[in-house]
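The values are calculated or read from the model by the stated rules, or taken from the named source; none is laboratory data. The structure displayed is predicted, hence computed values, not measured ones. Note that each Cβ is placed from the backbone with ideal geometry, even for glycine, and that neighbours are counted across all protein chains shown.
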Amino acid sequence: MNTSGLWWVTSHQLISSTDDCPGPREALEGYIWEMRKWVALAKQGKTSRKVIPVDMPATPEWAERLELRLDALEQKIIPSWFTSTKHDCA
């Protein structure tokens, strides 16, 4: 196992940190980006091995539920968490 890089764990998914993903914000943004690929397919009732596996049916209903959560992460959590210089859990 290559342990020279960092790994970020997001909702039981492992995301390898690369040059495109050097920190926690980038890791979360990358996770959201990849999950949106699944959402786009699931809205059509499809899935693919080329997207992150999601443990729910690939249906428009589940896609909408996940999309709402991704929107909340992107619009509320990322801006509030990563613009603050002080974090209670540090």
Restricted to segment 12-31, and to residues that are surrounded by 18 or more Cβ atoms within 10 Å (Cβ to Cβ) and hydrophobic (A, V, I, L, M, F, W, C), which residue is modelled with the lowest pLDDT?
15
Here are some conditions: (1) over 17 Å from residue 72 (Cβ atoms); (2) in a helix (DSSP H, G or I); (3) of a type in the set (A, V, I, L, M, F, W, C). Residue 51 meets all but one. Which one does it not meet?
(2)
